[in-house]
Amino acid sequence: MTDDIDHELVAKVVSAQDTAAFGELIRRHQSHVRNFLRKLSGDHSLADDLAQDCFMRAWDKIASFSGRGSFIGWMLKIAYNTFLQSKRKSKRYAEVLESAGHVADQASGAHTVPVHELNDLDRLLAVLDEEERAIIVMSYACGLSHREIGDATDMPVGTVKSIIFRGKEKIRAHFEIEDHQYG
């Protein structure tokens, strides 16, 4: 039902450049996009900025939404790519500063939160690398299927499953969680 409504709204946006329909799409999915970016970046204000960039890119690319998967899966692909572009820019910026004799505190430019201030989910996700964190958040927090995650990340479904398995194993090992305690 949600996908049907999303597809109708996308059709309105594409056919008539309907900004109200696009606004409704964003209203329906902005919390998923923002939460996804917050989990990836660890920085709420950066995540909000990235979400805005994501929404602008979605407006520009809406005609490329084929309707094969879910709209939220398509949005999370844009969000993930926006995040990766931001990381590359931050890294290049830090390299430029370093070559000019300035030392950057963090190459990522992200604000790190002390471990004692993290909630349980953030603490679990902190042991994962960016790719593992993104895929696990897409799966468990956003509820995307393995196929939708594969579409969003341009990875085969088997790779998505392997990364989820590896990420869960890394969390289990790091926090000494037994299999029967963790789903």
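Each reported figure results from applying straightforward, stated rules to the coordinates on display, with no laboratory input. Values in this document were obtained by computation on a predicted structure and should not be read as measured data. Counting neighbours? That spans all protein chains shown, and the Cβs are built from the backbone with ideal geometry, glycine included.
Below are the figures for this structure:
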item: Scan of segment 8-27 for residues that are out of contact with any helix residue (DSSP H, G or I) (no Cβ under 7 Å at 6 or more places or on another chain) and not β-branched (V, I, T), ordered by number; result: E8, A11, S15, A16, Q17, A20, G23, R27
item: Count of residues meeting criterion [farther than 13 Å from A58 by Cα and either surrounded by 14 or more Cβ atoms within 10 Å (Cβ to Cβ) or aliphatic (A, V, I, L, M) (or both)] in segment 25-39; result: 8
item: Hits in segment 130-157 - residues which are charged (D, E, K, R), in a helix (DSSP H, G or I) and within 19 Å of Q85 (Cα to Cα); result: E130, E131, E132, R133, D151
